[in-house]
1. Let me know the charge dipole size of chain C about its Cα centre in debye, to the nearest 20, where only the beta-carbon of Lys, Arg (+1) and Asp, Glu (-1) is charged.
2. For a 21 Å ceiling on Cα separation, which of these pairs sit above it: A:182/C:128; C:47/C:131; A:177/C:74; B:102/B:204?
3. Go through B:107-118, C:47-58, A:222-233, C:213-224 and give me the packing order, highest mean Cβ count within 10 Å leading.
4. What residue among A:119, A:49, A:32 has its Cα farthest toward the positive end of the dipole of the range A:31-243, where the charges are +1 on Lys, Arg and -1 on Asp, Glu, each on the Cβ?
5. If I model a spin label as a point 7 Å beyond the Cα along the Cα-Cβ vector, how far apart are those points for residue A:65 and residue B:297 in nm?
6. Rounded to the nearest 0.05, what FRET efficiency do residue A:176 and residue C:130 give with R0 = 22 Å and r taken as the Cβ-Cβ distance? Could you check?
7. Per-residue accessible area for residue A:262 at 1.4 Å probe radius, Å² rounded to 10?
8. With the cut-off at 1.5 for a/c, could you classify the range A:1-107 from its C-alpha gyration tensor as rounded, prolate or oblate?
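The values are calculated or read from the model by the stated rules, or taken from the named source; none is laboratory data. No experiment lies behind these values; they were computed from the predicted model shown. Counting neighbours? That spans all protein chains shown, and the Cβs are built from the backbone with ideal geometry, glycine included. What goes into the accessible areas is simple: the full protein's heavy atoms, side chains included, and nothing from ligands, DNA or RNA. Shrake-Rupley method; radii C 1.70, N 1.55, O 1.52, S 1.80 Å.
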Amino acid sequence: MAELIVYGIVLGSIISLGAIGLSLVYGILRFANFAHGDFLTAGAYVALFMVTGVLSWIGIPDNTFGSLSFGWRMVIAFPISMVVVGCVAIALDRILYRKLRQKGSGAVMLAMSSLGAAFIIRMIILIIWGADSLFYRPGLMRPALEVPLGIKIRPDQILILFVVLFLVVLLHLFLKKTKMGKAMRATADNMELALISGINTERIIIWTWGIGGALAAAGGILYGIDVQLHPYMGWNFLIPLFAATILGTIGNIYGALIGGLTIGIAQQVSTAFLLPTYKLAVAFIIMILILLIRPKGIFGKE
Amino acid sequence: MEIGGIIAYLVSLAIMAGIYAVFCLGLNIQWGYTGLFNIGIAGFFCIGAYATALITTPKPTGMYAHYVQQIFGLNLPFIFGLLGAAIICGVIAFLIGIPTLKLGEDYLAIATLGIAETFRLIFNNEHWLANGPRGLMGLPQPLQGLVDPRHYNYIYLIVVVIIMVLIYLSIERAIRSPWGRVLRAVREDEVSAGMSGKDIFRFKMQSLVFGAMVMGIGGALYAHYTKAISPDVFTPLYGTFIIWVMLMAGGSGNNKGAILGAYVVWGIWIGAKFMTDFLPYTLKARAPYIRFLLVMILLEIILIYRPQGLLGEEKKVSKLIE
Amino acid sequence: MIILKAEDITVGYTEVDILHDVGIRVKSGEIVSIIGPNGAGKSTLLKTIFGILKPRNGSVTLKDEDITGLNPDKIARKGISYVPQVENVFPSMTIQENLEMGAFIRDDDYSQRIDEVYDLFTVLRERKKQKVGHLSGGQRQMVAMGRALMLDPQVLLLDEPSAGLAPVLVSDIFEKIMEINATGVAMIIVEQNAREALKMAHHGYVLAMGRNVLDDKGEALLANEEVGRLYLGG
C-alpha cells in the first residue's frame, strides 16, 4: 500500500503540472480548455522528436546518467519542448480563441473550439508517429531501488518528483515576486480592474497560455519517461486534470497541486482493488463526488 | 463499380447519415434549444446500442455460452430494443443531470465526457456484462424475412427514415409548444425567464433526458444496422465529435439543419475517404487521421466564420417570446 | 483653471443611448458631485470619461488635451484614476499587492508613493500582508481608493464610494475623500447619498434621464427647494 501511495504521488505530481496550467487558463479566460490533455501529448512527442531526431542528428551523445534512463539529449530536449508547446498554446489562442473572444462567443463556443484543437493536435501526432506506444529508450532495463518500508522505486521516478517540485517552486516565485506574475494573478482575480489599472490583459493572456502549455509539456515528457508515449495519453489525462482542477478550486494553482496529488494517489491506490484500466473512472467518480458535495472545491467560498 | 453497386453504396451511406441525423436531432434538443453542452454523446450511443443488443438477442446456451457471455438476453422484438435503449439512456442522463445541471455548462461537459469514457471502459473490461472487447453479434433486423437479404438495406433505410421523421415531428411539436418556448428562454437568459432556480433545473433536466432518449434510439438503430457491436466503436471521434460537427454545420437550433448537417458532413466524410485512397501507400494506414484532421479544421472554420451553420436558427419560435 | 471638461457626451451600451449631450466641468482642486435618481446615467458618465465606454458624440478634454475615446490605460497615464463602484479590488491579493497593481504602469520607484498612501489610510499599513478579500467593506473601499491614488492622479473618479457601507463608515470614507482632496486632487464623485455628497462638493451637477438638469455651487443646490424635494428626499 505504501508503495502504491508513492507511485500515486509520482502520477499525481504529473497530473498537478497539467492541472496548474488548466486552472490558470480557466481562472483568466473562464473557459474549459479541452485541449490541455493533448498539450501533454504534444510535449512528450516534441521531446521524442528532439531526442531521437534532431539531437541525434546534431551528434549529441546518447548517454544515460547513472541509473537514470536518459542523458544529455533529454536535458536539452526538455526545455525546448516546453517552449515549443508553450508557443503552440499561444498560437492556438491567436488563431482560434482570440477571434472567438473578439466576436463575443460564449464560453461553450470556446470550449468547443478547444475540443477541435485537441483533436487537431492528436491527429497530427497520429499521422506522424502512428498509433503505437513508443519509448524514449526502447528496450532499456530500468531496475528499481529498494527504499525503506519495502517500497520499490525507480531512480527516474525520484527525479520526476524533484523536477515537478522545481517547476512548482519556480512558478510560485514567478507569481509572487515578479511584476508580470502579480499582474497575472490580478487579471485572474478581476480582469476589468486589471484593465483599469493599465495592465495589458492581452499580454497576460499570452503569458498564461505559454506557461500553461509549457507546464503541460513537462508533465507529458515526465509521463513518457515514467511509463510510455501514446497518442491518447493526454486524452486519458483530461478527466484527472479536470477532477484535480475542480477539487482544488478553479483558478487556484495551489489547489490544483493538492488536487493533482490527491487524484494521483487515489488512482494508484484503486489498482489494489480494481483493474488498472479503471483509473480513469476512479478520477471521474471522485469528480462527480466533489460536484455533489463541494462543487467549488476545497478552497472555494460558498 | 456497376450501377447496382453504386446504388447499394448510396443506400448504405444514406442509412448511416440517417442514423447520425437522429443523434443530431437529440443533440439539437440539448444544445440547440437549451444550451446544454453534452460532449459525451458516445456514451449514450454506446448504452443505446448495448441496451438493444441485450434486449433483442437470446441469452447464449450450451457450447455457445462458453464463447459469448452476456448478463441477460431477452430475445424480444426490435421495437422493444428501441424503447429499452431510450429508457435506459434517459435514466442515465437523469443521474448525470443531478450533480451537474445546477453548475456551469462546463461541468455538464466534463461529466458527460467522463460517463462516455467510463461506459466504454466498463463494456471493455466486464466480460460477464456484454462479452468484453469482442462485443455482441447477431442482432436481429426488423422485417428481415420480407426481401432477399442482399436487398435488405432498402427496408432498413425506410425504417431509419420513418423513425427519423417521427422524431423530427415530435421535436418540432414539442419545441412549438409552451414547453419549447420556456426552453429557449432558459437558454437565452435564465433570469429573464422569470423562474426559480428549481424550475430552470427541471426544464434543463427534461431537455437533457429527452435528448438522451433520442440518442439512445440512434444507438439502437446503429446496432441493428451493423448487427454486431463492440466497445471500440464508441470512440469520442465517431461517437461524439462528428455529431457536433454535423449539428454545427447544419445550424444548431434548427431541426432541418440538424438533418441536413448529418447528410452533408457524412457525405464529405465518405468523399474524403475516396480522396485518401489516392494517397501513397505509406500514408494509407493513417488516412482516417487525415480525414479527422480535415473534419476538425472544418469545425474550427465553422465556429469562427459561420457559427450559425448552413441554415441558421429558425426564428419563428423566439418571436413569440419577444 | 478648468482641468477636466466633458462636452455634449452622447453614449450608450448598444443601440439605446443612455446619455444625451451631457456636459461637466471640473476646476483644478475641486470636488464635483454628480447626483440624480437611479438610472440617470451617472456611472455611465464616469466610464465614458475614463474610456471604458466610447462616446458616440462629444469630447473629453484633460487640461488642453483631447482624450476622447482613448483606452483606459492611456487615460490612466495622462493623470486620471477611476474607482468603480463594485469589484474595485483584487480580493485574493494582499493590500500591498493591490497598491502595487495600482502602480503597474509606473516604471520608477514608487515606494514613497506607497508610504504616502499608507499615511493616508493608516489602518491599511498595519495589515499590508493581509488578503483584501478578508477585509471589511470600509477597508476594502480604502484599498480601492489607495490603488487609484498610486498613479498620483490629477483627477480621481469615484463611483458611489459609500455604497453598501454602514453609516458610521460612510462618514469615515467622506472624511478620507476630503483629505485626499486637500492634497490637491480634483474629484468627480457619483453618489446616492446626495446630501452628504453636495456638502463636500464645490460644485454639483444634477442628472436625470441621461440629461443635465441643473448645476450650481454645492451649497446652492443644497438650498434649492426643488432639488431638495426631488433628489434629496425632502
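1. On the way: 26 positive and 33 negative charges, 73 e Å.
For chain C, the charge dipole is close to 340 debye.
2. On the way: A:182/C:128 15 Å; C:47/C:131 27 Å; A:177/C:74 26 Å; B:102/B:204 9 Å.
Pairs exceeding 21 Å: C:47/C:131; A:177/C:74.
3. On the way: B:107-118: 24.9, C:47-58: 19.8, A:222-233: 21.8, C:213-224: 16.6.
Per-residue Cβ counts within 10 Å, averaged per peptide and sorted highest first, yield B:107-118, A:222-233, C:47-58, C:213-224.
4. Working it through, the farthest residue towards the positive pole turns out to be A:32.
5. For the pair residue A:65/residue B:297, the computed spacing is 4.0 nm.
6. Working: r = 15 Å, r/R0 = 0.69.
Given R0 = 22 Å and the Cβ-Cβ separation, E is 0.90.
7. 60 Å²
8. Values: a/c = 4.02, a/b = 1.45, b/c = 2.77.
It is oblate, given that a/c is not under 1.5 and a/b is not larger than b/c.
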